[in-house]
1. Might you let me know whether the stretch 79-91 holds any residue that is at pLDDT 95 or above and within 25 Å of Y299 (Cα to Cα)?
2. At pLDDT below 95, assigned by TED's automatic domain parsing to the domain that holds G485 and assigned to a strand (DSSP E or B): is that true of K411 in this structure?
3. With a cut-off of at least 2 residues that are under 21 Å from Y98 (Cα atoms), name the helices (runs of 4 or more DSSP H) lying wholly within the stretch 123-227.
4. Would you say L211 is touching a residue at least 40 places away in the same chain (Cβ under 8 Å), in contact with a strand residue (DSSP E or B) (Cβ under 7 Å, 6 or more places away or on another chain) and either surrounded by fewer than 24 Cβ atoms within 10 Å (Cβ to Cβ) or closer than 22 Å to L117 by Cα (or both)?
5. Surrounded by 13 or more Cβ atoms within 10 Å (Cβ to Cβ) and either at pLDDT below 95 or farther than 19 Å from R492 by Cβ (or both), is that true of S375?
6. Residues to consider are V510, V476; find the one that is under 30 Å from W241 (Cα atoms) and in contact (Cβ under 8 Å) with a residue 60 or more places away in the chain.
7. Taking the condition of being surrounded by 22 or more Cβ atoms within 10 Å (Cβ to Cβ) and part of a loop (DSSP other than H, G, I, E, B), how many residues in the stretch 44-65 meet it?
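The values are calculated or read from the model by the stated rules, or taken from the named source; none is laboratory data. The structure presented is a predicted model; accordingly, all values stated were derived computationally and were not measured. Cβ placement follows ideal geometry from the backbone for every residue including glycine, while neighbour counts extend to all protein chains displayed.
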Amino acid sequence: MENQIDRRQFVAQTTAGSVLLCMGAEAMAEESGSNRTDPLARTKPEAIGVDSSAVLAFVRAVEQKPGGMHSFMLLRHGKVAAEGWWSPYRPSAPHMLYSLSKSFTSTAVGLAVEAGLVRLEDPVTSYFPNALPDKVSDHLAAMRVKHLITMSTGHDKDATGPTTAQPQGDWVRGFLALPVEHEPGTKFVYNSAATYMLSAIVQSKTGKTVLEYLTPRLFDPLGIEGPTWETCPRGINTGGWGLSIKTEDIARFGQLYLQHGEWQGKQLVPRAWVGQATTKQVSNGDPAAESDWSQGYGYQFWRCRHNAFRGDGAFGQFCVVMPELDAVLAITSGVGDMQAILNAAWEHLLPGIQPETKAGSSGGPELSNALRTLSLATPAGKPDSPIAAKVSGRVFRFAQNAQRAETVSLKFDAAKCRYSLKDDKGERSLECKTDAWTDGTASLDGIASTKVSTRGAWTAEDTYTITQCFYETPYVQTLTLRFEGDQVTLTRKRNVGFGPTESPALVGKV
């Protein structure tokens, strides 16, 4: 479903001098001014025709399969009918969108088209005359902007890997140098590098990154504060991934598209563009299949079953718009089975959304209680162990290893633990409690000081298990430390990933 560049590969390929994150609203304050809008209105589900029992059934279903939900927000008639965050995820924290970013890049292209800066029929080569290969093939010459935005560039497979591997960090040149095996427009291939090229085109014509371009035109009017977007080594927003915003921000974006680009009486995005972007432009499979990845593709939006459309990203980042029900569903998660989330929405939410206001259902109080107590599942365990005092404070040293871990130690004090790991970047410590999440920072994929929330418990007399939730990302990492005599075995496993999710076990000795 998601042919996305691995974040670890992206970090490794990005040169030391490049900027990974570009701050949003604050950096553009001069141009955009203050356009902060009020929070979305909240109401009881039944007041806008939503059955509380249906929402509760959806929540229970996704907790069972696939698990790993981080947040959701259901809008009906522009109001929030239900919302929830699985602790330690929280409303105030942004979340990595991965390929849901593509729908925002598409919006930037639409605005540039309206401004007369970009045309869908323009040759891609016309924007980058100084980055072309010595010989421009007929297929490359035939590639238009419309082929980038509909994922029909003519490439035989996703071009992201070789594009981002360009030795000088010139991703545009890397993309244009690749063979184009098919006539553009004849083959759908999900291609994040194509979206990056759209970002590069917008920047070439506006002199601004997509983030800078969208801030006064989209983010500020929608009340989306502090968005961030990763950039390539040449300072171009990655386009196909890299945007981070909050769950409510996703919902606002979906509501904007539900309203055909209009927001609070102002047409932010051309109505015609919204219609084109969310209509099937190319086929991507058998529409009769029970799959939401074969219903057609628009301008960086997927068509869904039940006449809905969506933007989505790896591991379950969703902005689902249901025009016939006047509803929007925003979701963040960290799951491998994205279809299971949509299946649960179609099975449970759709029957519970009615044309008219409903009388109160018996599920209201139960839903409210369930939403207040949502939490990520963690391994069951105890706050203490007979060996805790013996291992407390001891430093275990690892032999040289590919993970570059040097030492680890645990220090126990009452019902909490101080976990310390030293690697080639220094020593970092985290506090772990059995009955509560504790915030801190840790390294994630080479990015130091990533926000994390941690819990720990003795899952056996000789085994202490730590859960690290990087709550601005889809990633949750489980560390297992098993003690035996004067040594410890440390294993690390991640909930989701583009490659292996479990690291080789490390053995440390006192």
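1. Just the residues of the stretch 79-91 that are at pLDDT 95 or above, to begin with: 79-91.
Okay, now just the ones that are also within 25 Å of Y299 (Cα to Cα), so none.
No, the stretch 79-91 contains no residue that is at pLDDT 95 or above and within 25 Å of Y299 (Cα to Cα).
2. Numbers: at pLDDT below 95: no; assigned by TED's automatic domain parsing to the domain that holds G485: yes; assigned to a strand (DSSP E or B): yes.
Against the criterion (at pLDDT below 95, assigned by TED's automatic domain parsing to the domain that holds G485 and assigned to a strand (DSSP E or B)), K411 does not qualify.
3. Working: elements: 138-142, 145-149, 160-164, 171-176, 192-206, 210-214.
Per the criteria, 145-149, 160-164, 171-176, 192-206, 210-214.
4. Numbers: touching a residue at least 40 places away in the same chain (Cβ under 8 Å): yes; in contact with a strand residue (DSSP E or B) (Cβ under 7 Å, 6 or more places away or on another chain): yes; either surrounded by fewer than 24 Cβ atoms within 10 Å (Cβ to Cβ) or closer than 22 Å to L117 by Cα (or both): yes.
Taking the combined requirement at face value, the residue satisfies it.
5. On the way: surrounded by 13 or more Cβ atoms within 10 Å (Cβ to Cβ): no; either at pLDDT below 95 or farther than 19 Å from R492 by Cβ (or both): yes.
When the stated conditions are applied, S375 does not pass them.
6. On the way: V510 fails: under 30 Å from W241 (Cα atoms).
Going through V510, V476 in turn, the sole match is V476.
7. 1
Conditions tested, residue by residue: (1) loosely packed, with under 14 Cβ neighbours inside 10 Å; (2) under 15 Å from T480 (Cα atoms); (3) not basic (K, R).
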| residue | (1), (2), (3) |
| --- | --- |
| A388 | no, yes, yes |
| V391 | no, yes, yes |
| Q400 | yes, no, yes |
| A405 | no, yes, yes |
| K416 | no, no, no |
| Y419 | no, yes, yes |
| D424 | yes, no, yes |
